[in-house]
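Worksheet: the structure to be examined is printed underneath.
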């Protein structure tokens, strides 16, 4: 039912689908999270590789994804699984463990983008966000080469959307060090850290950054752009790449 002032109307509405994802490594459940049930392989690859959960080798081709009431992902891995202070002893992709601390000046890309190009590619990004337009509760993320959208994802969680586009880039062997991350949601410290870990030089969103995300971006060498709306935007760190 829709209510507008004193008027009430019975009408259908679209809501976003939310599913529980259970990740199992060598038959041991190591974590669960909630997500939109699309691009699951990309989400798992981006999350595991970005957080360094598997410290060893594992193979995406051997990943099993079962779509039911819950989404169950099974991975066979060699080495050790580490999460929340506990380790579970447990191949084709090497398990990359990335330290949580962001190294100073770790992002050194020479990529530059003009203000007009940034506005144009961000406009293309927003036009693709159909699930948000239909439901109002979906986050979007994209990787751009500064000219067009390379990969795009939507999810109920903004971190999930970021992990999906990073995972898709890993699976396609796309070089993230010359890319632009486009986001619909808040620029938090976790988002800034993810960009720094993968050497993504520019991140831009229609919303605001937090103080800690600005500190991380400044230290790591990431150009952070916020409030990208219409013809205006704010550059918080390393403005030399926007020219």
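Quick notes on this one:
- Among (1) closer than 30 Å to residue 235 by Cα; (2) at pLDDT 90 or above - the single one residue 38 does not satisfy: (1)
- Annotation for the range 126-141: no member residue is at pLDDT 95 or above and assigned to a helix (DSSP H, G or I).
- Out of 32, 36, 57, one residue alone is within 20 Å of residue 190 (Cβ to Cβ), loosely packed, with under 15 Cβ neighbours inside 10 Å, within 23 Å of the chain's Cα centre (by Cα) and in the same structural domain as residue 77 (by TED's automatic domain parsing). It is 32.
- Evaluation of residue 241 against the conditions (1) buried (at least 20 other Cβ atoms within 10 Å of the Cβ); (2) at pLDDT 95 or above; (3) in contact with a helix residue (DSSP H, G or I) (Cβ under 9 Å, 6 or more places away or on another chain) shows that the sole unmet condition is (3).
- Single unsatisfied condition, residue 53 versus (1) closer than 25 Å to residue 222 by Cβ; (2) modelled with pLDDT under 80; (3) out of contact with any helix residue (DSSP H, G or I) (no Cβ under 7 Å at 6 or more places or on another chain): (2)
- Residue within the range 12-31 that is farther than 28 Å from residue 193 by Cα, at pLDDT below 85 and part of a strand (DSSP E or B) present: no
The values are calculated or read from the model by the stated rules, or taken from the named source; none is laboratory data. Because the structure is a prediction, the values reported are computed rather than measured. Here the Cβ is made from the backbone with ideal geometry for all residues, glycine too, and neighbour counts use every protein chain on show.
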